[in-house]
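The values are calculated or read from the model by the stated rules, or taken from the named source; none is laboratory data. Note that the structure is predicted; figures quoted are calculated from it, not measured. Cβ atoms come from the backbone with ideal geometry, glycine included; neighbour counts cover every protein chain shown.
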Amino acid sequence: MWKEHFILVDGYQRYAICSSYQILYRVVELPFGDRSEVKAWIIANQLSKRNLTPEAVSYLRGTWYELNKRSHGGARFSSAHFEHLKTSEELAKRFKTSSATIRRDAQFASSVDAIAQAAGDSARTAILTRTKRLSKKEVISLAHTAQRNPQAVRDFFKSGQPEQNLSPFCVKPALHIQLKSGGLVEVSAPEDDKIDGRTGRVHKVSEKTAEVWLRDIQTMTMQLHTFKHSSLISIPTDERPALVEINARINRLYDLAELDPFEREILNLLERQVSYTPTELEYLKLIEQKYSDSCKKTSFHRSEHELD
């Protein structure tokens, strides 16, 4: 029981049974600073049980990671990344695994929660108890679909198909998004903590591999990496409205014939990114201000064309 608030945090079934049959029971009061500490204790208690599936263990570790990460809120872009690395390293030591695994657990946990928000708590239970046998990559893909087409995800979990025929990739076309230049992807690279779980922009796609732009956190420069298709998960661009808005601003500027080579190179660099520093956004704003009249005319002509 949460000592300061007299709230039961574990043993609900035992309490109900004892109350129904008038069985004497003992209450253990535990001090907690806030709800986050209560949640962390509950997770730790659940993880001590031996009947958990690997999916449930991954979900609980990922949820714990997110709780700890939020406690370091307010950090700036680069320092936030290192705080998250520190958090994952602490939990990795606790659970005798790698920090990359902990961060993948967090991605899995947030994906399961997104699916549950669309399809109900029963969907979470189905995933964690293996009633629906889905790989982690499939769960992450379903979470992206849940944002775009929640009804398709609800229908998938209500499906009465035989287990061997079930696949989230039957939810097309919303789920299966082809890799394409300029698209967003999440990288799965367990062997490299620096890029595992990161989001990047696709530069070029070949038959078996794709080149992806990722920002180096220490140097803040954009670097090109090559991955197999199986290591990448496509992300719909419209899940990042701020990025869509910046892309539209860049495209308006590209339509201007009077841009000089230096300005075009800046825009080319901005197209490689998924997040922007204040300095980068200032460069974009300065170019827009220089051609503000032309940009307005371009937007006006586009609107006229759309109306026609």
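Observations on the model:
- Of all residues in segment 17-43, those satisfying the criterion of being among the aliphatic types (A, V, I, L, M), within 30 Å of G62 (Cα to Cα) and modelled with pLDDT of 85 or more are V27, V28, L30, I42, I43.
- Pairs linking a residue in segment 242-260 that is outside the structural domain of R272 (by TED's automatic domain parsing) and free of Cβ contacts under 8 Å to residues at least 40 places away in the same chain to a residue that is among the small types (G, A, S) and surrounded by 10 or more Cβ atoms within 10 Å (Cβ to Cβ), with Cβ atoms under 6 Å and 6 or more positions apart or on different chains, do not occur.
- Residue check for E55: modelled with pLDDT of 85 or more, surrounded by fewer than 12 Cβ atoms within 10 Å (Cβ to Cβ) and of a type outside the set (G, A, S): no
- Only helices (runs of 4 or more DSSP H) whose full extent lies in segment 206-308 are considered here, and the ones with at least 3 residues that are modelled with pLDDT under 85 and in contact with a Lys or Arg (Cβ under 9 Å, 6 or more places away or on another chain) are 292-307.
- The residues in segment 1-35 that are free of Cβ contacts under 8 Å to residues at least 12 places away in the same chain and either assigned to a helix (DSSP H, G or I) or touching a His at 6+ places or on another chain (Cβ under 9 Å) (or both) can be counted, and the count is 10.
- Residue within segment 74-88 that is at pLDDT 85 or above, of a type outside the set (D, E) and not in a loop (DSSP other than H, G, I, E, B) present: no
- Test: A146 is under 19 Å from K136 (Cα atoms) and either at pLDDT below 85 or of a type in the set (S, T, Y) (or both): no
- Options A126, A143; residue that is buried (at least 18 other Cβ atoms within 10 Å of the Cβ) and within 21 Å of G197 (Cα to Cα): A143
- Residue count, segment 36-68 (criterion: more than 23 Å from the chain's Cα centre (by Cα), of a type in the set (S, T, N, Q) and not in a helix (DSSP H, G or I)): 2
- In a residue-by-residue description of segment 127-139, the property of being free of Cβ contacts under 8 Å to residues at least 24 places away in the same chain, touching a helix residue (DSSP H, G or I) at 6+ places or on another chain (Cβ under 8 Å) and acidic (D, E) applies to no position.
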